[in-house]
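Asks: Take this structure first; my questions come after.
The values are calculated or read from the model by the stated rules, or taken from the named source; none is laboratory data. Every value quoted in this text rests on a predicted model; they were computed, and no experiment measured them. When we count neighbours, we look across all protein chains shown, and the Cβ atoms used for this are built from the backbone with ideal geometry, even at glycine.
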Amino acid sequence: MGKVITFYKTATGKCPIEDFLDSLPDKDARKVTWVLSLIEDLEKVPASYFKKLVGTDIWECRAGRYRILCFVAGNSMVVLTHGFVKKSQKTPTSEIERAAAYRKDFLNRRRRNASINNETV
């Protein structure tokens, strides 16, 4: 079995990946959805669709010219942060930094919530 995909949401409830997916034309949205289903269904996803970015904790989902950045939380959860249209060979540093900031926020809030829940039990 593959991974469980979830969408990152900011502390205010904004969901950048949802906004990105909603902006795609139907044909492109279907292709992106197909790639995401590979990640969910396959234990080992081909690197042409899902690849870790070197020197980071960020992964890149590839669907044609579209890229979705994400990270792995725990053993089987893939958290999608945001997407963009890739216009050059190299993934823009600003996009990687944005995903890294979302990852940090997600993990900090998850830790905080876990400690709050442990204190109330």
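Asks: With Val72, Val85, Val78 as the choices, which residue is in contact with a Ser or Thr (Cβ under 8 Å, 6 or more places away or on another chain) and under 18 Å from Leu36 (Cβ atoms)?
Replies: Val78
Asks: Same structure, new question: Would you check if Gly2 is in contact with a helix residue (DSSP H, G or I) (Cβ under 6 Å, 6 or more places away or on another chain) and either modelled with pLDDT of 95 or more or assigned to a loop (DSSP other than H, G, I, E, B) (or both)?
Replies: For Gly2, the condition - in contact with a helix residue (DSSP H, G or I) (Cβ under 6 Å, 6 or more places away or on another chain) and either modelled with pLDDT of 95 or more or assigned to a loop (DSSP other than H, G, I, E, B) (or both) - is met.
Asks: Filter region 1-14 down to the residues that are farther than 18 Å from Ala100 by Cβ and either surrounded by fewer than 14 Cβ atoms within 10 Å (Cβ to Cβ) or of a type outside the set (A, V, I, L, M) (or both) and list them by number.
Replies: Met1, Gly2, Lys3, Thr12, Gly13
Asks: Taking region 31-51, which residues are among the aliphatic types (A, V, I, L, M) and over 16 Å from Ile5 (Cβ atoms)?
Replies: Within region 31-51, Ala47 is the sole residue that qualifies.
Asks: Ok, one more. Looking at Cys61, Cys15, can you tell me which residue is under 15 Å from the mean Cα position of the chain (by Cα), in contact (Cβ under 8 Å) with a residue 12 or more places away in the chain and under 24 Å from Arg110 (Cα atoms)?
Replies: The match here is Cys61.
Asks: Return yes when Ser94 is at pLDDT 95 or above, farther than 18 Å from Thr6 by Cα, small (Gly, Ala, Ser) and assigned to a helix (DSSP H, G or I) and no when it is not.
Replies: yes
Asks: So which of Thr56, Thr33 ends up being surrounded by 11 or more Cβ atoms within 10 Å (Cβ to Cβ), more than 14 Å from Leu80 (Cα to Cα) and under 15 Å from the mean Cα position of the chain (by Cα)?
Replies: After ruling out the rest, the residue left standing is Thr56.
Asks: Continuing with this model, one more query. Quick one: in region 61-72, of everything that is crowded, with 18+ Cβ neighbours inside 10 Å and either of a type in the set (Gly, Ala, Ser) or touching a Leu at 6+ places or on another chain (Cβ under 6 Å) (or both), which residue is modelled with the lowest pLDDT?
Replies: Ala63
Asks: On to the next question. Would you pick out the residues in region 24-57 that are closer than 25 Å to Lys104 by Cβ, not hydrophobic (A, V, I, L, M, F, W, C) and not in a loop (DSSP other than H, G, I, E, B)?
Replies: Glu40, Lys51, Lys52
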